[in-house]
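Beneath this line is the structure, given in structure tokens, with notes to follow.
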Amino acid sequence: MTAAGPPEEGPAGAGPPDAGRGSAGRPEAGREGAGEADAGRAGAGPADAGRGSAGQPEAGRAGAGPPDAGRPEAGAPGAGWLGPGDAEAELLARAALTRVLEPGEEHGGRWLRELGAVALMRLLTGPDPGPGPGPLTGAGPERIAGYRRRAALAEPARDLERAAADGVRFVCPGSAEWPTQLDDLGDARPVGLWLRGRPNLRTWALRSVAVVGARACTPYGAHMAQTLAAGLAERGWVVVSGAAYGIDGAAHRGALASGGATAAVLACGVDTVYPRGHAGLLGRITRQGLVLGELPPGSHPTPSRFVLRNRVIAALTRGTVVVEAARRSGSLVTARRAQRLGRLTMGVPGPATSGLSAGVHELLRGEAVLVTDAAEVVELVGDMGELAPVRHGPVLARDLLDPAAARVLEALPAGRPADVDEISLGAGTGTDEVIGRLYELHSLGFVERQGDAWRLTRRGPKGEV
């Protein structure tokens with residue numbers, strides 16, 4: 001995964017990324033030679049609005065580290081929308097950073113934590129500080145150059161406006177809808193999330209379970225995923241998955257079919273239909289649930305983005321259930337990340353001869369818990385007292401007999417009558433006790449009398465043979 005070069009999902013036809021600058025058409029090349037004073041720039045207009053000295057040269061700021069908060073760099077790309085560090089500026093900066101940083105980039109997350117979103121975007125859109133690591137440590141010069149090219153193309157105000165027109169909203173850490181359990185990811189926490197759908201993500205995430213598994217699943221796996229999801233939805237739990245073929249799709253359909261709640265976490269923009277065959281399913285999820293992702297609208301999926309998407313599924317939910325997974329399945333990535341985050345990991349067993357169950361069985365040999373239905377899942381992830389029912393085999397009438405009566409019943413030979421003496425000998429008790437127990441067994445339908453002898457009935461109570 002390389003960040004060099006502009007992102008493939010960059011806005012088409014954006015032209016020079018100079019919106020909001022006084023010199024709207026100035027090419028990037030004109031910024032080389034940072035020692036040149038602002039007054040000498042072509043079309044610079046009023047230089048350094050917001051500074052104490054209007055004509056202060058840029059050279060004095062080379063290598064000075066991040067600009068002061070609340071003081072935009074005049075002439076720098078994005079200076080028009082990077083105002084003071086208020087909530088709106090934070091939202092715009094984070095929306096822009098979703099086009100700059102790839103999901104899960106921990107050095108980018110560290111920069112965000114140390115500098116803040118607004119200051120980080122000012123660094124990436126401001127003049128190049130030249131040689132030296134500067135404040136953006138942990139990444140090479142080529143990587144940082146790629147980030148700067150992406151940042152120059154970012155137009156967050158336009159992204160947010162277009163997203164709102166399509167029913168998409170953007171939430172970031174600190175907003176009322178942000179699910180704080182994602183903070184457990186540390187520096188790998190998403191910069192923000194793009195959401196499509198009416199429900200509140202933070203509220204839904206409080207009672208959510210991930211159901212994931214193989215794309216090329218068996219009919220058994222699809223049945224188990226759909227049944228589990230339907231049972232969870234009926235119990236008031238939100239089913240979270242990745243909208244892929246196979247287990248993911250079966251889980252979403254199970255929740256939708258029961259009139260329940262489901263959320264799809266995508267490895268692309270929330271306005272991008274992927275996979276194509278799930279266009280109808282994603283439409284139903286949007287109307288009945290939530291579709292969310294880290295990448296801005298128009299972004300396409302890549303293999304690395306699928307893997308990194310799984311960490312959001314693991315952190316967002318209380319537990320992860322794996323239904324069919326080969327040994328190299330991406331679902332195991334989700335389960336192991338959930339274990340590292342302290343979330344519950346569960347697995348649905350399958351045939352020992354099936355390669356698609358080998359990964360699940362490997363999890364079950366470790367710290368995962370075996371589950372077979374929704375009640376067992378809720379017992380693990382639910383509140384105190386939400387217990388699965390006690391399960392046992394069928395109770396037969398003979399199981400309820402007194403031990404003495406059971407011994408008499410077992411002493412009767414099969415297929416022929418026996419007299420009291422023979423039965424008494426087999427039961428190891430007296431004839432008076434045997435006669436009393438035989439009449440008791442007769443009233444229950446176990447034996448019948450034939451003259452002076454007794455024999456087993458052909459069919460016991462309630463069809464018992």
Quotient of Cα Rg and 2.2 N^0.38 Å for the range 313-365, N being how many residues it contains: 1.05
Rounded to the nearest 10 Å², what accessible area does Glu106 show when all protein chains are kept and the probe is 1.4 Å? 110
For the range 220-377, the charge dipole (Cβ of Lys, Arg +1; Cβ of Asp, Glu -1; about the Cα centre) points to a positive end, and the Cα of Ala335, Leu290, Phe306 closest to that extreme belongs to Phe306
Need one number: nm distance between label points at Arg365 and Arg276, each 7 Å from Cα along Cα→Cβ, rounded to one decimal. 4.1
How far, in nm, would the chain grow between Glu379 and Thr431 when pulled straight, counting 0.36 nm per residue and subtracting the alpha carbon separation? 13.5 nm
P(r) histogram, all alpha-carbon pairs of the range 225-377 included - 10 Å bins from 0, percent: 12, 42, 37, 9, 0
With +1 at each Lys and Arg Cβ and -1 at each Asp and Glu Cβ, the charge dipole magnitude of the range 156-204 around its Cα centre, to the nearest 20 debye, comes out at 220
Over all distinct Cα pairs, what is the inverse of the mean 1/r for the range 106-211, reported as the Kirkwood hydrodynamic radius in Å? 15.9
Top to bottom by accessible area (1.4 Å), largest first, where do Arg162, Arg207 land? Arg162, Arg207
Return the ratio Rg/(2.2 N^0.38 Å) for the range 335-420, where Rg is computed over Cα atoms only. 1.90
Direction-averaged shadow area of the convex hull around the Cα atoms of the range 176-237, nm²? 5.8
Over what distance in Å are the Cα centres of the range 257-329 and the range 152-188 separated? 17
If you take the square roots of the eigenvalues of the alpha-carbon gyration tensor of the range 102-155 and sort them as a ≥ b ≥ c, do you get rounded (a/c under 1.5), prolate (a/b over b/c) or oblate? rounded
Computed lengthening from Ala165 to Asp419, 0.36 nm per intervening residue step minus Cα-Cα distance: 82.3 nm
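Using packing as a proxy for protection, rank 391-401, 420-430 so that the peptide with the highest average count of other Cβ atoms within 10 Å comes first.
Order by mean packing, descending: 420-430, 391-401.
The values are calculated or read from the model by the stated rules, or taken from the named source; none is laboratory data. What you see is a predicted model, and the numbers here were worked out from it, not measured in a lab. Cβ atoms come from the backbone with ideal geometry, glycine included; neighbour counts cover every protein chain shown. Note: areas computed on protein heavy atoms with side chains; ligands, DNA, RNA excluded. Shrake-Rupley method; radii C 1.70, N 1.55, O 1.52, S 1.80 Å.
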